[in-house]
Amino acid sequence: MTEPKASLRPPLPASFPGRLTTGYEAFRDGRYKFEHSRYKRLAAEGQKPQIMIIGCSDSRVSPEVIFDAGPGEIFVVRNVANIVPPYTPDGETHGTSAALEFAVVALAVRHIVIMGHGRCGGIAAALGAGDPLTPTDFIGKWVSVLDDTAERVRCDHAIAPSLRYTALEHEAIKVSLGNLLDYPFVKARVASGDLALHGAWFDVSEGALHVLDRDSGDFAVLAGTLPLEP
Ligand SMILES: [Zn+2]
């Protein structure tokens, strides 16, 4: 039985975004052409990424772009406010937990990076900015993981109101790192030295990457990512 061949020029639905068509054509004639053998090898051998990144869905913070990654290099999960939900083995559907399970157990990634970012809408929602978008308020429920931390940031008089968003963006990364260790398969591999956990925060405006020192709890700008001169 032969596989059906895709037509070279299938009729595209008129509504299909033109930006994606032109973008795909540029990829096909550029990067895919250049990395053709790599894609072939990845297709034949499967993926073996060493790094998992849990980032935000925000359109400005694509990990593959920020880290200049090629195909097969980074296993990425993106959700609102880059949250790792608490370990909840209740038989319900848990998308981020499923991806985490696959990355850690099946792919045996060696690093997990929680990557937050500046001007995060999900973090703003956790701080109570704006009303629920719908009666079901999926976002509110999702970011309620950060409720206690958001309240602590809100009540910390040492943090100026204008800095609360950045403060919670940083603290939320630590919450997710803590939640990671509640997953038994993560905890076991961290304990055996097979898996390392990291936190990072990307400054959308300046393009700087801040990396968490988990001992001190402070974020430091990664050398070489200082803001460019205007
Ligand atoms: Zn965000």
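Where a number appears in this text, it was derived from the coordinates with a stated rule and is not lab data. On a predicted model such as this, the values are computed, not experimentally measured, just so you know. Here Cβ is always computed from backbone atoms with ideal geometry, including for glycine, and neighbour counts include all displayed protein chains.
Things worth noting here:
- A simple spin-label model places pseudo-atoms 7 Å from Cα toward Cβ; at LEU181 and GLU45 they are separated by 3.5 nm.
- Distance from region 116-177 to region 25-52 (C-alpha centre basis), Å: 37
- Share, in percent, of DSSP beta bridges within the chain that are antiparallel, nearest 5: 30
- When the chain is treated as a GNM with alpha-carbon contacts under 10 Å, the residue of ARG214, ARG31, ARG119 showing the greatest mean-square fluctuation is ARG31.
- 14 Å beta-carbon shell around CYS155, net charge (K/R +1, D/E -1): -2
- Averaging the sequence gap over all C-alpha pairs within less than 8 Å and six or more residues apart, then dividing by the number of residues, gives the chain a relative contact order of 18 percent.
- The gain in end-to-end length when the TYR24 to GLU64 segment is fully stretched comes to 12.8 nm, 0.36 nm per residue minus the alpha carbon separation.
- For region 200-217, Karplus couplings with θ = phi - 60° (6.51, -1.76, 1.60), whole Hz, Gly/Pro x: 8, 9, 9, 8, 4, 5, 9, x, 8, 9, 9, 10, 7, 8, 5, 6, 8, x
- Charged-residue dipole, Cβ positions (Lys, Arg, Asp, Glu), region 5-129 about Cα centre, Debye nearest 20: 560
- For ALA196, residues with placed amide H under 5 Å, excluding near neighbours: HIS111, ILE112
- Taken about its Cα centre, the chain carries a charge dipole of about 920 debye when Lys and Arg each add +1 at the Cβ and Asp and Glu each add -1 at the Cβ.
- Sorting 11-23, 71-83 by average packing, meaning the other beta carbons within 10 Å per residue, from highest down gives 71-83, 11-23.
- Per-residue ³J(HN,Hα) for region 25-36, Karplus 6.51 cos²θ - 1.76 cosθ + 1.60, θ = phi - 60°, Hz, x for Gly and Pro: 4, 5, 5, 4, 8, x, 4, 5, 4, 5, 10, 3
- Each other residue within a Cβ distance under 11 Å of LEU180 adds +1 if Lys or Arg and -1 if Asp or Glu, for a net charge of +2.
- Across region 152-166, computed HN-Hα scalar couplings (Karplus, 6.51 cos²θ - 1.76 cosθ + 1.60, θ = phi - 60°) run 5, 5, 4, 8, 7, 6, 6, 9, 4, x, 5, 9, 5, 5, 5 Hz from first to last residue, x flagging Gly and Pro.
- Taking amide hydrogens as placed 1.01 Å from N in the peptide plane, the amide H of VAL76 sits under 5 Å from those of ILE53, each at least 5 positions away in sequence or on another chain.
- Amide H to amide H distances under 5 Å link HIS117 with PHE202, where only residues 5 or more positions off or on other chains count and H is placed in the peptide plane.
- Between GLY217, PRO86, SER37, the Cα set farthest toward the positive side of the dipole of the chain (charges on each charged residue's Cβ, about the Cα centre) is that of SER37.
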